[in-house]
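The values are calculated or read from the model by the stated rules, or taken from the named source; none is laboratory data. Since the structure is predicted, the reported quantities are computational estimates derived from the model, not experimental observations. FYI the Cβ positions are ideal-geometry reconstructions off the backbone, even for glycines, and counts take in every protein chain you see.
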Amino acid sequence: MDLSRVTVRPVIGPEESRFQQLMGEHHYLGALPKIGHTVWYVATVDAQWVGLLCFSAAALKCGARDRWIGWDYRHQFDRLNLIANNSRFLILPDYHHKNLASRVLSLCRRRLQSDWQARFGFPVLMLETFVDPSRFIGTVYHAANWIYVGDTLGYRRIQGGYSTTPQTPKRVFVQALQRNARTLLAHPLLDERYQTGAPRMMLSAQQMESLPAFFEQISDPRRRQGRRHPLRAVLALSAGAILCGARGYKAIADWAQALSPRARARFRCCYRNGSYFVPSESILRDVLIRVDPAELDAALQCWNAQYGAVDESLAIDGKTMCNAIDNDGRQTHIISAIGHHSKQCYTQKKSVRCP
């Protein structure tokens, strides 16, 4: 086969059913639904399909990859969108020719950044993939200059969390799409060109479990009758959602609804009939607008004092509070000290200015 005639392009709408059918018939893992950030590619030779590739969102957890990048756990969740996972790669049965697979990977690498930017509005800096050593050893990725960085632990993602027993560990390969990709991903401050949305962080299991305890002493503004959700759980969920990037009551409620049963248990959510329940948007709103702000601020400051000490530098910034007028008719301003690494607020100071 003349490899110079090989081309790679994204799959268009009318071709998606054929793509899924071929992937389901010939790939040992079967077809993969298009969920979230996903791009499908087809490799052709003189209009004949010879290979199929799928690039999708990066794995949430991968120790070998994370150690190779060198980024901190606090940065990982906010930067995973800058990595794409080669979740499927298939050379069709009639086209197993020497060097074809590495040629296809090389052509994908050249155009993926521009395709990703055009489709999703943000760039991708690195690629990753997982190879099952019981079937393959990753020769094609070595040939395409991907780097083997280690093995997974063998746990896999399942509904409600991760499997409790390890299975076959996978070999992890990565490829940087630009020379400074590792530096950009691991730097304490992410370059503005690669920032998407509001600052976010990922809460560890220990942090989830600790949050409710800090709200134990806050007075519950609700009547005793009809309380279904403990106040500590409502406030812990709200704080956790905001730390992870949620803004507004609906976003907080959506974040809470998406939690796995294990995460809900860590937040001390209401447990009935064998299931954990999270508060609705209306309950969250009712509690947050009625709880004593001074008590809530003191509890959050205590949590920050314990978990925010990892920041090496702080940013000082001020905001004017919309429609916040005190009894003397003066506009309220808030000055905050924010940690560069954790994005957590260490302290706030109120100031006023005459209108």
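Tabulated data for the structure shown
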| item | result |
| --- | --- |
| Residue 206 vs. criteria of a type in the set (S, T, N, Q), in a loop (DSSP other than H, G, I, E, B) and over 25 Å from residue 349 (Cβ atoms) | no |
| Scope region 175-193; condition within 25 Å of residue 87 (Cα to Cα), in contact (Cβ under 8 Å) with a residue 24 or more places away in the chain and assigned to a loop (DSSP other than H, G, I, E, B); matching residues | 177, 178 |
| Checking residue 280 against (1) in contact (Cβ under 8 Å) with a residue 24 or more places away in the chain; (2) buried (at least 17 other Cβ atoms within 10 Å of the Cβ), the condition it does not meet | (2) |
| Residues of region 5-28 that turn out to be surrounded by 12 or more Cβ atoms within 10 Å (Cβ to Cβ), among the hydrophobic types (A, V, I, L, M, F, W, C) and over 12 Å from residue 92 (Cβ atoms), as a count | 3 |
| Count of region 56-75 residues which are surrounded by 21 or more Cβ atoms within 10 Å (Cβ to Cβ) and among the polar types (S, T, N, Q) | 0 |
| Selected residue (only one of 89, 55, 77 is out of contact with any Gly (no Cβ under 6 Å at 6 or more places or on another chain) and at pLDDT below 90) | 77 |
| Subset of region 69-91 that is aliphatic (A, V, I, L, M) and in contact with a strand residue (DSSP E or B) (Cβ under 6 Å, 6 or more places away or on another chain) - its residue that is farthest from residue 171 (Cα to Cα) | 91 |
| Residue list for region 225-276, restricted to those being out of contact with any Cys (no Cβ under 9 Å at 6 or more places or on another chain), in a loop (DSSP other than H, G, I, E, B) and over 17 Å from residue 213 (Cα atoms) | 225, 226, 227, 244, 245, 246, 247, 248, 258, 260, 273, 274 |
| Some residue of region 1-20 being of a type in the set (S, T, N, Q) and closer than 23 Å to residue 136 by Cα | yes |
